Structures are given as C-alpha cells and as structure tokens.
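**Q** Let me begin by handing over the structure; questions about it come next.
The values are calculated or read from the model by the stated rules, or taken from the named source; none is laboratory data. As the structure is a prediction and not an experimental result, all values here were calculated from the model. Don't worry about glycine lacking a Cβ; one is built from the backbone with ideal geometry, like all the others, and counts go over all protein chains shown. Surface accessibility is based on the protein's heavy atoms, side chains included, excluding ligands, DNA and RNA. Shrake-Rupley method; radii C 1.70, N 1.55, O 1.52, S 1.80 Å.
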Amino acid sequence: MARRKATTTTAECLAQIEQEIDTKEQELKELKAQRKQLLQQKKQEDLEELYTIISESGKSLEEVKQMLIQ
C-alpha cells in the first residue's frame, strides 16, 4: 500500500521560504564583504605596482603627475 504524502500547510511553506530568504540574505552579505575586501586588496596592489613603476622610472611624483595632466 502506498504511503500518503504528508501535506504541508501554507503557514509551514511560508515559514520555510522565509528561512531560505534569510539564509540567502546572509550569504549575500558575506559575499559583499568578501568583494569589498578583495577590491581594497586589488587597489593596494595597483598602488604598489604604480609606485614601483614610478620609482624605477627615475621621475618624481610631481613629474609623473604633470605628465598625466597634460
């Protein structure tokens, strides 16, 4: 004899969906925090690379700024 499928009430379905939404919102919050940290890290790496290039060029920061402004 086949078992009868347990029926889920509307309130139970709603509670389950709300729980899933909360979980996904937390995951999204964590991902955004990771993205922010990685963007800051990338910016720092870019600045370090730029500083190295300027230093190796033998030009001062002012000279490079003037070259970029023109």
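**Q** Calculate for the chain the 222 nm mean residue ellipticity that helices alone would give, adding -39,500 (n - 2.57) per DSSP H run of length 4 or more and normalising by residue count, nearest 500 deg cm²/dmol. List each step's numbers first, then the result.
**A** Working: 2 runs with 57 residues, N = 70.
Value at 222 nm, helices only: -29500 deg cm²/dmol.
**Q** Among 53, 15, 70, which residue has its Cα positioned farthest towards the positive end of the charge dipole of the chain, with +1 placed on the Cβ of Lys and Arg, -1 on the Cβ of Asp and Glu, and the dipole taken about the Cα centre?
**A** 15
**Q** Given a 1.4 Å probe and the protein chains all in place, what does the accessible area of residue 50 round to, in Å² to the nearest 10?
**A** 90 Å²
**Q** Can you give the convex hull volume of the alpha carbon atoms of the chain per residue, in Å³?
**A** Taking the convex hull of the Cα positions in the chain, it is 169 Å³ per residue.
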